[in-house]
Each structure stands twice: as C-alpha cells, then as structure tokens.
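Undergrad: I have a structure here, written as structure tokens, and I will follow up with some questions on it.
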Amino acid sequence: MKKFALLALVSGVVCSASAMATDIRVTYAGSMGKVMDESLGPAFAKANNGSYQGQGQGAYGMARLLASKKMTADVFVSITPGPMQILKDAGLIDNAVPVASTSMVIAYSPKGLYAQKFSAAAKAGDASWLDVLATPGLKFGRTDPVNDPKGQNIVFTLLLAEKYYNKPGAADKIMGGVQNPAQTHLEGGLLARLESGQVDAAAGYESEVISAHLPYVALPDEINLSNPAQAKKWYDTVSFAIKDSKGEEKTLHTQPLVYYAAVLKNAPHGETAGKAFVDFMLSKPGQALFQQNGYAAPKGDAIYP
C-alpha cells in the first residue's frame with residue numbers, strides 16, 4: 001500500500017468547481033493509480049487552488065478499511081458495485097454514481113519470453129491466448145479475489161472463455177485454483193511486476209493497461225465483462241465460490257465493469273469538497289482525462305438512486 005502523497009500541481013486544465021481553495025483526499029481501486037494520481041487529482045487541485053491526496057488498493061480491501069474507520073477519505077472510487085455496498089451497509093454513503101468503464105484484457109511483458117506468442121494471439125483473435133497462458137513455466141499474475149474485484153473478474157473471464165471457446169478445464173489449468181497464492185499479488189504492484197519481468201502476463205483492465213503503455217490481448221465482448229447486453233446470455237452463466245478472511249464460503253456472480261464514485265459521510269474535508277471532485281470527474285475536462293488514460297465512458301445509472 002502506498003502512502004498518501006501530496007502531488008505537484010499541474011497546469012492546463014480548468015474545471016467549473018468553486019474558485020475557493022479545496023483540499024481533497026481520495027481512495028480508489030488500485031488499478032486507477034495513474035489516472036488518479038497523475039491526471040485527475042493534480043488537475044482538480046490546480047483548478048481549485050488546493051491539494052490532492054490519493055491512495056489506491058484492492059477495492060474490497062479499501063472499502064473494508066473505510067467501513068471500519070481505520071482510514072478516512074472524502075471520496076471512494078470503486079470498480080463494480082460490490083465494494084460500494086460495504087460502505088452503504090456501514091452507513092457511510094447514500095449514493096454512488098458511474099464515472100467511467102472498462103473491460104478485461106490480458107497484458108503481457110513486451111520483453112518477455114512469450115511476447116511474440118501473445119502478440120500473435122492478439123492478432124489472431126482466437127483461443128490461442130488461452131493456450132499461451134497455459135504454457136508450463138509461464139508466470140501469470142492476478143490479484144486476490146477476496147480483496148479485489150479484478151481478482152474476481154479474471155476468474156469470471158477465464159470461466160467464460162472455457163465456454164466460449166469450448167475448452168473445458170482451461171481456467172483451472174491456468175490458475176491452479178481460484179485462490180492460488182503463487183499467482184495473486186497486491187493490486188497496486190501487479191503491473192509493476194509485469195513491467196519488471198517478475199511475471200510474464202497479468203490480468204488487467206484495458207484502461208490501466210493502456211495508461212501503463214503495455215501491450216495486451218483484447219478479448220471478445222462475450223467474455224470481457226464490458227457489455228451489459230451480454231449479461232443474460234453469457235456473463236450471468238458463470239459463478240464461483242471463495243472463502244473470505246473469516247473462512248466462510250460465499251458464491252460470487254459477475255458485476256458490470258463500471259467505475260463508481262461516492263462521497264463519504266465522514267469526509268475529512270466535508271461533503272462539499274467530495275461532491276466537487278465527483279462533479280469534476282463527470283465534467284467535460286474530467287471525462288477527457290479519463291479518455292486520455294484509456295477509460296471508456298460511464299455506463300448505467302447510480303447504484304442507490
């Protein structure tokens with residue numbers, strides 16, 4: 001987990017928020033580190049003559065820390081609705097609005113042993129990426145499905161790929177079990193491990209992978225969890241069970257790959273500051289920054305209208 005850091009202000013972006021100084025503390029899904037800490041946060045601070053603090057971690061883990069009040073923030077930004085429900089149940093939020101969306105992809109190291117094979121698979125548009133991932137000795141990185149939505153979503157994606165390509169058993173062959181500690185890493189460091197060559201390929205969101213300028217294999221809508229129109233026919237047909245930190249087993253189901261933002265009731269800088277940041281993310285300049293970092297437009301409605 002990285003520490004809160006006061007980021008340097010940047011120029012060139014103006015938003016319609018108040019001209020008064022506004023400080024903001026934002027916690028977010030770990031995959032959003034680049035867009036939050038290098039684009040949205042500094043731009044908001046510049047436009048509002050204030051300061052920005054950001055911290056990223058697996059969205060479920062972050063939500064639990066906020067719910068238990070072991071940390072505080074003005075705004076929480078999550079991927080999928082699940083982590084927001086934790087804050088709703090804790091009485092810390094009333095609403096969560098969509099601010100961006102993305103899809104699942106397979107990122108790979110451009111200098112790795114398997115770069116050529118992944119590149120060929122990306123061009124082929126068939127099931128060959130599954131075969132490459134299943135190569136003995138290949139190191140595949142993903143996040144913990146207990147604490148991070150992305151860790152859950154890659155499991156769903158691989159299960160859907162089994163059905164879509166008619167390759168039964170492929171998911172387990174690649175993962176070595178849903179909760180395999182040899183593959184699961186902290187959200188914030190996964191792509192760094194890929195870039196450094198510690199893993200050969202990694203589960204990723206298209207948005208974060210584009211932001212990191214890494215090559216990737218794009219996946220069909222039927223398995224990438226990006227298209228709500230595919231939910232009934234495909235996404236809703238898979239589920240899996242995991243044991244949580246208390247050892248209790250629960251069954252998980254797919255959720256849309258939409259990023260939601262909520263203002264917390266115990267916001268250290270007040271709900272007005274939090275609302276200003278959410279409004280900025282939804283503004284034309286904010287959406288332009290999302291787009292520049294590889295994110296798609298928000299989809300759907302507020303979770304708790």
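The values are calculated or read from the model by the stated rules, or taken from the named source; none is laboratory data. A quick note: this is a predicted structure, and the numbers were derived from the prediction, not measured. Here the Cβ is made from the backbone with ideal geometry for all residues, glycine too, and neighbour counts use every protein chain on show. For the accessible areas, the whole protein counts, side chains as well, though only heavy atoms, and no ligand, DNA or RNA atoms are used. Shrake-Rupley method; radii C 1.70, N 1.55, O 1.52, S 1.80 Å.
Undergrad: For the subset of segment 175-190 comprising residues that are in contact with a Ser or Thr (Cβ under 8 Å, 6 or more places away or on another chain) and in a helix (DSSP H, G or I), which member is surrounded by the fewest Cβ atoms within 10 Å (Cβ to Cβ)?
TA: Filtering first and then ranking leaves 190.
Undergrad: Of these, 209, 263, 278, which one is over 14 Å from residue 152 (Cα atoms), in contact with a Lys or Arg (Cβ under 7 Å, 6 or more places away or on another chain) and surrounded by 15 or more Cβ atoms within 10 Å (Cβ to Cβ)? If you could, list the steps in order and put the result at the bottom.
TA: Numbers: 209 fails: in contact with a Lys or Arg (Cβ under 7 Å, 6 or more places away or on another chain); 278 fails: in contact with a Lys or Arg (Cβ under 7 Å, 6 or more places away or on another chain).
None of the other options fit; the residue is 263.
Per-residue answers, yes or no, for (1) within 20 Å of residue 257 (Cβ to Cβ); (2) assigned to a helix (DSSP H, G or I); (3) in contact (Cβ under 8 Å) with a residue 60 or more places away in the chain; (4) open to solvent by 20 Å² or more (accessible area, probe 1.4 Å):
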residue: 126; (1), (2), (3), (4): no, no, no, yes
residue: 141; (1), (2), (3), (4): yes, no, yes, no
residue: 150; (1), (2), (3), (4): yes, yes, yes, no
residue: 153; (1), (2), (3), (4): yes, yes, yes, no
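Undergrad: Give 11, 78, 31, 18 a once-over and let me know the one that is modelled with pLDDT under 90 and crowded, with 24+ Cβ neighbours inside 10 Å.
TA: Just a single option satisfies the conditions, and that option is 31.
Undergrad: Taking the condition modelled with pLDDT of 90 or more, open to solvent by less than 10 Å² (accessible area, probe 1.4 Å) and among the hydrophobic types (A, V, I, L, M, F, W, C), does residue 87 pass?
TA: yes
Undergrad: Here is a further query. All but one of (1) touching a residue at least 24 places away in the same chain (Cβ under 8 Å); (2) within 13 Å of residue 110 (Cβ to Cβ) hold for residue 235, so report the exception by its number.
TA: Tallying (1) touching a residue at least 24 places away in the same chain (Cβ under 8 Å); (2) within 13 Å of residue 110 (Cβ to Cβ), residue 235 fails exactly one: (2).
Undergrad: Quick check on segment 28-56: of everything there that is of a type in the set (S, T, N, Q) and in a helix (DSSP H, G or I), which residue is farthest from residue 82 (Cα to Cα)?
TA: Per the criteria, the residue is 48.
Undergrad: With the structure loaded, tell me whether residue 160 is touching a residue at least 12 places away in the same chain (Cβ under 8 Å), open to solvent by less than 50 Å² (accessible area, probe 1.4 Å), assigned to a helix (DSSP H, G or I) and within 19 Å of residue 251 (Cβ to Cβ) or whether it fails that test.
TA: Working: touching a residue at least 12 places away in the same chain (Cβ under 8 Å): yes; open to solvent by less than 50 Å² (accessible area, probe 1.4 Å): yes; assigned to a helix (DSSP H, G or I): yes; within 19 Å of residue 251 (Cβ to Cβ): yes.
Yes; evaluated as a whole, the condition is true for this residue.
Undergrad: Here's something else I'd like to know. If I ask for residues that are within 12 Å of residue 260 (Cβ to Cβ) and among the small types (Gly, Ala, Ser), which ones from segment 70-108 would you list?
TA: Scanning segment 70-108 gives 78, 82, 96, 100, 101.
Undergrad: Quick one: how many residues across segment 217-252 are part of a strand (DSSP E or B), open to solvent by 60 Å² or more (accessible area, probe 1.4 Å) and not basic (Lys, Arg)?
TA: 3
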